[in-house]
Structure formats: structure tokens, C-alpha cells
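Here the structure is laid out as C-alpha cells; the discussion comes afterwards.
The values are calculated or read from the model by the stated rules, or taken from the named source; none is laboratory data. Bear in mind the structure is a predicted one, so any value in this text is a computation, not a measurement. Please note: Cβ atoms are built from the backbone with ideal geometry, for glycine as well, and neighbour counts cover all protein chains shown. Calculation scope for accessible area: heavy atoms of the full protein, side chains included, ligands and nucleic acids excluded. Shrake-Rupley method; radii C 1.70, N 1.55, O 1.52, S 1.80 Å.
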Amino acid sequence: MPRKIISGNWKMNLNLSSAITLTEGIKTAKTNQNYEMLVFPSSIHLQKVTEILNGSNILVGAQNIYPSTLNAFTGEICVDQLKDLGITYALVGHSERRQFLKESNEFLNQKILFLLKENFTAVFCIGETLEERESGKTFDVVKKQIHEGLKSVSKEDSKKIILAYEPVWAIGTGKVATPEQAEEVHLFIRNELKSIFDESISNDISILYGGSVKADNIKALMSKPNIDGGLVGGASQKVETYLALFQ
Ligand code: 13P
């Protein structure tokens, strides 16, 4: 069975005081125990957030890592620094980094292999742009992202992979994929994972959906057999709207 997770990507949207208010607000909440909580604060807030969440079962991850141990890479952060805070999760390949920072599938593959070697869980984001969808390339794009991103990942390490399907046209636009559109791609992803690993591994990998997830659409999305949770931006950045996703 895949893990069920409703994850929050805080992006670069919060200052310290709003990150603290949000962290304190979610820490004490009683939520639907069927879903794990995993949040991705900005790197500058990770220390504070992990301090506040100490003793809770809310998981914390980094929005990005550089694939190296401690070394001379100005402006980057690495796994050793995250381990100091007890962090073992990281996002890889968010479309904002692919698009604005020109991160390639090959570089994302380096990050994934590095994270897995260091015993981190990589939440690997994939998804097509509007132009790619409209020109009928969704499955080709997603297939290439999966195969190039997961190149050389061993069956053993595949247990530390979580996929997040985030159609770029649905991110921050209010234009959510319909449950049917999302399920179609999630099933495709599941089958690609089967071809890379095997059926039983593929059935155990969580595939999260991201893109304008809100309290009023989450139930219909999660009712689909291959949607195992969410990777949520906007709605995860306020206590009430994040907690409402767990109702
Ligand atoms: P929104 O939920 O704001 O559309 O963002 C989705 C996202 O990019 C999560 O990583």
C-alpha cells in the first residue's frame, strides 16, 4: 500500500512570523489520521520549524538540495546540513525550478541518486505545461521525466521515492485538473513505474497530485484509485485552509 500524504509546499511565500504562526497552528491540530502531514518550508525557516514541530509527527522536508556533501557551493544547501535538523525529505524537480532555474532531467537525476544514497526520501515532481497538454504531448513529457529522473535508481532505493504529478497549467492558477484527468496520468505513471521497477514496487509508491488543490476539490481527487495524496501550494500556507484538507 502506498503511503497517504497531504503535503504542503510553502514555496518562497512566507516570512518568518507567518511560517511560525502556520507551524504552531498545524502542530496542535487534530486531523484525519489517514493522511500523513509533510511540509516544505523555505530553507531559512527549517531550523525554526523543526524546533517547533519537535515531538509531533508532522514531517518536514527541504524544497531543494544541491547534490554534494559539505563543500564550496555558494548559496546552496546540502543533506548534511539537513540531517543536523533531523530532516530526511526533499523536493526534487518542482516545475518552478525546472522552468525558472532551468533544472534538467539529468541534473534532477543526480539529485535523486544523491538523496537516496544519503537515505533521504525524494519527492520527485513531474508534469506537463499547458502547451504540451494542448499539443497532445502529456504522456511523452511525463514518461521522459520519469525515465530520465529515475535513471539508475535501484529497486531497493525505490522505496524512498514519492512521485508528485503537478500539471504546470494547474499550479497557482485555480484551474485544477479534473479527477479523471489526474487519474489518467497517475495510472500512466503507475504503469511506467511498473516497467522500471516491478508491479509490487509500483503499487507501493505514493503518487501525489498537485495543482490548485483546495478543500472543495480534494475529496473527489483522493477518491481516485491512483491518487495517494496531495502536494499543495497556496492552500497549505494558511492554518485553516491546510487543516481543511484533512477533514
Ligand atoms: P498550488 O496548490 O498553489 O496550485 O501549488 C501547487 C504546487 O506547486 C505545489 O508544489
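If you check residue 59 against the conditions, is it open to solvent by 20 Å² or more (accessible area, probe 1.4 Å), at pLDDT 95 or above and within 29 Å of residue 188 (Cα to Cα)?
For residue 59, the condition - open to solvent by 20 Å² or more (accessible area, probe 1.4 Å), at pLDDT 95 or above and within 29 Å of residue 188 (Cα to Cα) - is met.
Testing residue 178 on (1) loosely packed, with under 14 Cβ neighbours inside 10 Å; (2) under 19 Å from the mean Cα position of the chain (by Cα); (3) among the β-branched types (Val, Ile, Thr), one condition comes back false. Which one is that?
Of everything listed in (1) loosely packed, with under 14 Cβ neighbours inside 10 Å; (2) under 19 Å from the mean Cα position of the chain (by Cα); (3) among the β-branched types (Val, Ile, Thr), residue 178 misses just condition (2).
Kindly list, by first and then second residue, each pair from a residue in region 229-243 that is in contact (Cβ under 8 Å) with a residue 24 or more places away in the chain to a residue that is in a strand (DSSP E or B) and away from the ligand (no atom under 12 Å from the Cβ), limited to pairs with Cβ atoms under 7 Å and residues at least 6 apart or on different chains.
Note: pairs meeting the criteria are 229/5.
Conditions first: (1) closer than 15 Å to residue 7 by Cα; (2) out of contact with any Phe, Trp or Tyr (no Cβ under 6 Å at 6 or more places or on another chain); (3) within 16 Å of the ligand (Cβ to nearest atom). Residue 247 passes all but one, so which condition is the exception?
All conditions pass for residue 247, except number (3).
Would you please list the contacts, defined by Cβ atoms under 9 Å and residues six or more apart or on different chains, that run from a residue in region 110-131 that is of a type in the set (Val, Ile, Thr) to a residue that is in a helix (DSSP H, G or I) and open to solvent by 50 Å² or more (accessible area, probe 1.4 Å)?
Once the first residue is of a type in the set (Val, Ile, Thr) and sits in region 110-131, its partners that are in a helix (DSSP H, G or I) and open to solvent by 50 Å² or more (accessible area, probe 1.4 Å) give 121/159; 129/99.
Return the residue satisfying two criteria in turn: it lies in region 104-142 and is open to solvent by 50 Å² or more (accessible area, probe 1.4 Å) and under 24 Å from residue 3 (Cβ atoms), and of such residues it is farthest from the chain's Cα centre (by Cα).
This residue is 117.
What is the residue count in region 182-228 for residues that are under 14 Å from residue 161 (Cβ atoms) and assigned to a strand (DSSP E or B)?
Number satisfying all stated conditions: 2.
Can we say residue 200 is polar (S, T, N, Q), out of contact with any Asp or Glu (no Cβ under 8 Å at 6 or more places or on another chain), away from the ligand (no atom under 15 Å from the Cβ) and under 13 Å from residue 4 (Cα atoms)?
no
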